[in-house]
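Notes follow the structure.
Values in this text are rule-based calculations from the coordinates and carry no lab data. Treat the numbers as computed from the prediction; the structure is a model and nothing was measured. Cβ atoms come from the backbone with ideal geometry, glycine included; neighbour counts cover every protein chain shown.
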Amino acid sequence: IGVGLVGFGLFFIFFGMLLYFDSVLLAFGNILFLSGLVFIIGFRRTFTFFFQRPKLKGTSFFLGGVLIVLMRWPLLGMLLEGYGFIILFR
């Protein structure tokens, strides 16, 4: 279930960017991606991964970008998410 949710989440994010940053598709993709991540590695491991002290900056940018996308500012939100993603997974 988790891999399917992550796959659909990435698909909706990609499709939302192709359709000139459609905020509904991007928000739906973000929610599916994060819920799929929780299904794959579990809630506790997801929480500990995102909220480690060295990764707090990346987490704040990533989750802040998700929040900005949900507030219907898709371009700014995706830029913040991308920067947070790079900081989190480097």
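For trypsin sites (Lys or Arg not before Pro), the sites in the stretch 21-82 that DSSP calls loop and that have at most 12 other Cβ atoms within 10 Å are 72.
Evaluated on the stretch 1-51, the Kirkwood hydrodynamic radius is 10.9 Å, with distances taken between all distinct Cα atoms.
Springs join every pair of Cα atoms under 10 Å in this Gaussian network model of the chain, and among 42, 29, 65 the largest mean-square fluctuation is at 42. The rule of thumb for compact globular proteins, 2.2 N^0.38 Å, goes into the C-alpha radius of gyration of the chain 1.03 times. In order along the stretch 84-90, phi translates into HN-Hα couplings of x, 4, 5, 5, 5, 9, 7 Hz, rounded to whole numbers, per the Karplus curve 6.51 cos²θ - 1.76 cosθ + 1.60 with θ = phi - 60° and x for Gly and Pro.
Considering helices alone, the calculated mean residue ellipticity of the chain at 222 nm is -27000 deg cm²/dmol, with DSSP H runs of length four and up weighted by -39500 (n - 2.57) and normalised per residue. For the stretch 51-81, the list of chymotrypsin sites (Phe, Trp or Tyr not before Pro) that fall in a loop by DSSP and count at most 16 other C-beta atoms within 10 angstrom reads 51.
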